[in-house]
Amino acid sequence: MAKSRRDNSGSYDPASDPRRGRSFQDIAGHERLMTLLNRMIEQRRLPHSLLFHGPAQIGKRSLAYALIRRMECLKGDAAPGCDCRACVKLQRGSWFDLIEVRPGETGQQVVKVLDMREAMESAVQLPIEGRHRFLLVHGAERMQKESANAFLKTLEEPPPHLHIILLTSRLYSLLPTIRSRCTEARFNPVDWRALAEWLKARTSCDAALREFLAVLSGGCPGLALELAQDEQLSVKREETLAALKQFGEHGYVRLFQSAYEIERQADGDLAQALQHISAWQRDLLIARAAPEYAEQLLVNRQYKNLLMQSAEGCTREAAIEMLGAALKRYDWAGRMLNVQLALENLLLDIGMASKK
Ligand SMILES: [Zn+2]
């Protein structure tokens, strides 16, 4: 099989993806899952078809690579920075026994049936470099029926040397026939303190910013790291909060202008706008319902006084409803839609809720 066909993502460069080189020790959170996987590897009873599911950027891919290294490392322990041939080649993306399939980046962004068939043909063959073969399917929910059908029989009875790992952030979009044939591993958000500590070795941010990022990311290490690299992050936050404040003070007369300003600072990325808005609404709820924990729990800690003041003029029900309005918009993120309209719609809901 030609090497270029093994990764159909076009722009993806495996050698520059830090996730490929991770060991279990490098992963933020997910300790119970790793203990379980370790035990199963030691007892040689790791399920042949695993389904990793959880929010985007929570660590599924890093853990999948770490698991593969753990099973193939020639020194046995797959320690961080191990220089054995297996670990080095896995990190570079040139380990022949790891076959990866991912959705195309253009068009319908689906896992193509041709790619799936080709991957299956290769996956069932005996390992060449290592002890096993691995088939890693990224964005498994993007498998169309034909791709899934090409895959079902192997998934049901994989040859003894093959381990299949499916990754998805949309469990319920996955075809039930696929899901029922896998052992599921759920990824939960990482505790913010552990995540802030993990960021310490990986960013130059100070302690306050690390904590802010850990909470803002909702316990997703990949997102926290990405946010840490965004130099404009605090400016964007300030602008979003200023637009929200303007809307809060002047009401519907400011609706379009505030939505426009929020959309602009987020570069039209709804998810990014929602991070700041939902963090603020979450803080407001904490300030209202659990003020004694404000110092520990607030994301926007430097606005503690303003939050406490705003919380006084708002009922607990209103705070819950405003947070809910922001959170439910996450389902819209990533879809083709008019972002400004979505934000106007959200502000309308927030405005209505604030009157309760
Ligand atoms: Zn190694």
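If you go through the stretch 26-65 and keep only what is basic (K, R) and assigned to a helix (DSSP H, G or I), you end up with R32, R39, K60, R61.
Taking the stretch 162-262 and the helices (runs of 4 or more DSSP H) fully enclosed by it, the elements with 3 or more residues that are out of contact with any Leu (no Cβ under 7 Å at 6 or more places or on another chain) and of a type in the set (K, R) are at 233-250. Contact annotation: residue pairs with Cβ atoms under 7 Å, 6 or more positions apart or on different chains, pairing a residue in the stretch 69-83 that is over 24 Å from I99 (Cβ atoms) with a partner that is at pLDDT below 95 and more than 8 Å from the ligand (Cβ to nearest atom), are A79/S23; P80/S23; P80/Q25; P80/D26. In the set (1) of a type in the set (F, W, Y); (2) away from the ligand (no atom under 14 Å from the Cβ); (3) under 20 Å from D26 (Cβ atoms), the condition left unmet by F96 is number (3).
Examine the stretch 36-57 for a residue that is within 13 Å of the ligand (Cβ to nearest atom) and crowded, with 19+ Cβ neighbours inside 10 Å, and state whether such a residue exists. No, that holds for no residue. V88 meets the conditions (1) part of a helix (DSSP H, G or I); (2) in contact (Cβ under 8 Å) with a residue 24 or more places away in the chain; (3) within 16 Å of the ligand (Cβ to nearest atom) in every case but one. The failed one is (2).
The values are calculated or read from the model by the stated rules, or taken from the named source; none is laboratory data. The shown structure was predicted, so the numbers you read here are calculated from the model rather than taken from an experiment. Using ideal geometry, Cβ is built from the backbone for each residue, glycine included, and neighbour counts are taken over all protein chains shown.
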